1. Count charges around A:Leu13 for me, please; just the other residues with Cβ under 14 Å from its Cβ, Lys/Arg as +1, Asp/Glu as -1.
2. Tell me which cysteines of chain A come out unpaired when the rule is another cysteine's Cβ under 4.7 Å.
3. Partner chain Cβ atoms within 10 Å, averaged over the residues of A:144-157 - can you pull that number for me?
4. Arrange A:Leu229, A:Leu104 by Cβ neighbour counts within 10 Å, fewest through most, would you?
5. Report, in degrees rounded to the nearest 10, the 0 to 90 angle that the Cα long axis of helix A:3-14 makes with the longest principal axis of chain A.
6. Hey, what did the stretch A:1-98 get for relative contact order, percent, Cα under 8 Å, at least 6 apart?
7. Working from Cα positions, state the angle (0 to 90°, nearest 10) between the long axis of helix A:82-93 and the longest principal axis of chain A.
8. May I ask for the distance between the Cα centers of the stretch A:95-113 and the stretch A:209-264, given as a whole number of Å?
Amino acid sequence: MSTKIKETVQALLIEGKIKGFLGLREANGNIMPHLFCDPKELDSLSLGDWKKSGDTRYPLNQMMIQLAIAYPNETFAILVRGCDERGLRELFKWKQLAEDKVILIGIGCPDELARACECEKPFPDSLLEGPQGTRVENEKVASIDKMGLEERFTFWEAEFNRCIKCLGCRNICPMCFCNECTLEEANLIDTGAVPPANPTFHLVRAIHMVGRCIDCGLCEEACPADIPLRTLYKKVGEIISKEFGYKTGFSVDEKSPFNIIEVK
Amino acid sequence: MTFLKKLLEFSGLHPDRVRTRWVSSAEAVEFVHEVSEFVEDIKKLGPNPLKAKAKEAA
């Protein structure tokens, strides 16, 4: 399954077009992120737990930002799914990564994973291997839309109040690159208590996901309290798409409607 | 605002609980009108479910 990816990366490494390839490696029965700099290492390349949405996914884009900070003049290749590609596009627009320094190695997700994620587009445009799946409907969001106001309030209150404020959702988020975070600002959100000030805490994070969240779902996987964060952020994406006609991460040059500052 | 209203609605709060209006400092009458109208509308909606929660906790 990974032959084409291996060949492509090997060629890039040998030709010296890239300093390294950020992907996943299987070692001692574990799958972990790895920066492949030597073509010989590629035998241990893994595509992760790509059959199901498991716990062998890592915020590779986040690591890419750290790499780019450490080696600003080098070019790297990176393993991307559909969501990762959308994320990179937004990161380019947010000036967190330079587009000409990143080469995308795309894999498509199988139907099973696409369904589990209710993914809008389960394959990247830079698809090299794997299936070119189809869009899956957003049923979790629809099920909450069907509820009445009071029912929704009770639902979210119960979900949010399980929060232990570990900030795992923010820390794993490849789109959370700010140096200072509103969530830790006592003047804006009451701090020092668990659960945090709800729904403020979670709604503030949801608002900050506008034009950023590309629906990779790492937040929900990281959440020890199983709060359906992904459903909340999916709704954020839906509002932005329906009301403002902006689909996060789908275009290379169109900016989020909340970030357009025209200088004439 | 459009976004905030939709998000509040999704999380179970009435979207009419939040409102923005631009009123110049020279338009006192307009300002009074807007605020009074907002207060009336809020009263019609009844107490905020969040407030009931805060009281329970106290």
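1. On the way: positive: A:Lys6, A:Lys17, A:Lys19, A:Lys40; negative: A:Glu7, A:Glu15, A:Asp38, A:Glu41, A:Asp43, A:Glu74.
Residues near A:Leu13 contribute -2 overall.
2. A:Cys37, A:Cys109, A:Cys163, A:Cys166, A:Cys178, A:Cys181, A:Cys213, A:Cys223
3. Working: counts 3, 2, 0, 2, 1, 9, 2, 1, 5, 7, 2, 2, 4, 5.
Average per residue, whole number: 3.
4. Numbers: A:Leu229 27, A:Leu104 18.
So the residues, fewest neighbours to most, are A:Leu104, A:Leu229.
5. 70
6. On the way: 107 pairs, mean separation 26.5, N = 98.
So the answer I get is 27 percent.
7. The angle comes out near 80 degrees.
8. So the separation of the two Cα centres works out to 17 Å.
Taken together, the values in this text are just the output of simple stated rules run on the coordinates, not laboratory data. All values derive from a computational prediction rather than experimental measurement. Please note: Cβ atoms are built from the backbone with ideal geometry, for glycine as well, and neighbour counts cover all protein chains shown.
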